[in-house]
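Asker: A single structure is presented below for examination.
The values are calculated or read from the model by the stated rules, or taken from the named source; none is laboratory data. Predicted, not measured: the structure shown is a model, and the values here were computed from it. Cβ placement follows ideal geometry from the backbone for every residue including glycine, while neighbour counts extend to all protein chains displayed. Note: areas computed on protein heavy atoms with side chains; ligands, DNA, RNA excluded. Shrake-Rupley method; radii C 1.70, N 1.55, O 1.52, S 1.80 Å.
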Amino acid sequence: MSGGPDDSAAGAAEAAFSADDLALGERVFTQDWMFLKSVPALEHLPEADRAEIAFAGRSNVGKSTLINAVVGKKGLARASNTPGRTQELNYFRATNLNPSFYIVDMPGYGYAKAPKSLVEAWTRLVRDYLRGRPTLARVILLIDARHGIKTVDKGIMDLLDEAAVSYQCVLTKADKISERALSHVVADTLKGIERHAAAFPEVLATSSETGLGIGELRARIARIVTDRG
Ligand code: GTP
Ligand code: MG
């Protein structure tokens, strides 16, 4: 990439990763990833014996789709046009990975039209999980690139700050806006995390449609699970 002004969103991501990081990310995610289990309540969580990376965010932001893009398997996490598709914590793992770690697809929050009882159940599950999982190495907090950080996202960010759970914002659906608009939303999001104690100071822009930022996100996750941030 040229690194010109219009490349700043992808450029910011590029600068942070060495060729080795990107290669490690590739290696981790060309493994055979598979579904492990669906967790409707905390008592069904797998043993906390390895790191996990959870994908969180508003309903329909693109969590399941991004997981599929990262692991390179289209149908693995169930994605849908219907908000509220993912209702449990869904665990994924790869064979032959050392160190082994889990990827967790979370139910979305902030879907106003969902029945109240369901919203309450998900909210409880999401909050209890985010607060109480000792092996949660980082929450990938997805933000729709068209909308930026919303009030509901701030609620989750506050909760993660309080619980001292490391998280980072990743923009989704970057293909839906211009590069110029994207660099603005990256800058705004960086500003939005400034005073958040547990926020990792990086904002990656991704598109599951075009593949933008997928290599960088893979590299970031590979770094986290090998204890290098
Ligand atoms: P819940 O499970 O309901 O919380 O939703 P989710 O966050 O898992 O969203 P999901 O992955 O199901 O995607 C929602 C919709 O957004 C689907 O129609 C996807 O095809 C679409 N989508 C996801 N990522 C992208 C992207 O990067 N670009 C575009 N254009 N569409 C996307
Ligand atoms: Mg989903």
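Asker: Quick one: Gly155 ticks every box in (1) farther than 25 Å from Pro46 by Cα; (2) crowded, with 19+ Cβ neighbours inside 10 Å bar one, so which box is it?
Answerer: (2)
Asker: Moving to a separate point now. Taking the residues in region 89-118 that are open to solvent by 50 Å² or more (accessible area, probe 1.4 Å) and within 15 Å of ligand 1 (Cβ to nearest atom) as candidates, determine which candidate is nearest to Tyr167 (Cα to Cα).
Answerer: Looking at residues that are open to solvent by 50 Å² or more (accessible area, probe 1.4 Å) and within 15 Å of ligand 1 (Cβ to nearest atom), I get Tyr111.
Asker: In this structure, is His147 out of contact with any Cys (no Cβ under 9 Å at 6 or more places or on another chain) and within 15 Å of ligand 1 (Cβ to nearest atom)?
Answerer: Yes: the conditions hold for His147.
Asker: Please count how many residues of region 150-180 are within 16 Å of ligand 1 (Cβ to nearest atom), of a type in the set (A, V, I, L, M) and outside any loop (DSSP other than H, G, I, E, B).
Answerer: The number of residues fulfilling the criteria is 5.
Asker: Now a separate question. Hey, could you check region 47-79 for residues that are open to solvent by 50 Å² or more (accessible area, probe 1.4 Å) and within 11 Å of ligand 2 (Cβ to nearest atom) and say which is modelled with the highest pLDDT?
Answerer: Thr65
Asker: Something else now. Among the candidates Ser183, Ser207, which residue alone is part of a loop (DSSP other than H, G, I, E, B) and either within 16 Å of ligand 2 (Cβ to nearest atom) or more than 26 Å from Thr123 (Cα to Cα) (or both)?
Answerer: Exactly one of Ser183, Ser207 is part of a loop (DSSP other than H, G, I, E, B) and either within 16 Å of ligand 2 (Cβ to nearest atom) or more than 26 Å from Thr123 (Cα to Cα) (or both), namely Ser207.
Asker: Could you tell me whether region 80-88 includes any residue that is open to solvent by less than 30 Å² (accessible area, probe 1.4 Å) and either within 13 Å of ligand 2 (Cβ to nearest atom) or free of Cβ contacts under 8 Å to residues at least 24 places away in the same chain (or both)?
Answerer: Yes, region 80-88 contains at least one residue that is open to solvent by less than 30 Å² (accessible area, probe 1.4 Å) and either within 13 Å of ligand 2 (Cβ to nearest atom) or free of Cβ contacts under 8 Å to residues at least 24 places away in the same chain (or both).
Asker: What strands (runs of 3 or more DSSP E) lie completely within region 19-96 and have 1 or more residues being of a type in the set (S, T, N, Q) and more than 17 Å from the chain's Cα centre (by Cα)?
Answerer: Correct list: 33-39.
Asker: Of the residues Tyr129, Tyr111, which single one is aromatic (Phe, Trp, Tyr) and in a loop (DSSP other than H, G, I, E, B)?
Answerer: Exactly one residue qualifies, and that residue is Tyr111.
Asker: Just one of (1) at positive phi; (2) surrounded by 22 or more Cβ atoms within 10 Å (Cβ to Cβ) trips up Asp227, so point out which.
Answerer: It is condition (2) that Asp227 fails.
Yes/no per residue for (1) among the hydrophobic types (A, V, I, L, M, F, W, C); (2) open to solvent by 40 Å² or more (accessible area, probe 1.4 Å); (3) closer than 19 Å to His147 by Cα; (4) in contact with a strand residue (DSSP E or B) (Cβ under 9 Å, 6 or more places away or on another chain):
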{"site": "Cys169", "(1), (2), (3), (4)": "yes, no, yes, yes"}
{"site": "Asp175", "(1), (2), (3), (4)": "no, yes, yes, no"}
{"site": "Ser178", "(1), (2), (3), (4)": "no, yes, yes, no"}
{"site": "Ile193", "(1), (2), (3), (4)": "yes, no, yes, yes"}
{"site": "Ser207", "(1), (2), (3), (4)": "no, no, yes, yes"}
{"site": "Arg218", "(1), (2), (3), (4)": "no, no, no, no"}
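Asker: Restricting to region 110-147, give me the number of residues that are free of Cβ contacts under 8 Å to residues at least 60 places away in the same chain and among the aromatic types (Phe, Trp, Tyr).
Answerer: Counting residues in region 110-147 that are free of Cβ contacts under 8 Å to residues at least 60 places away in the same chain and among the aromatic types (Phe, Trp, Tyr) gives 2.
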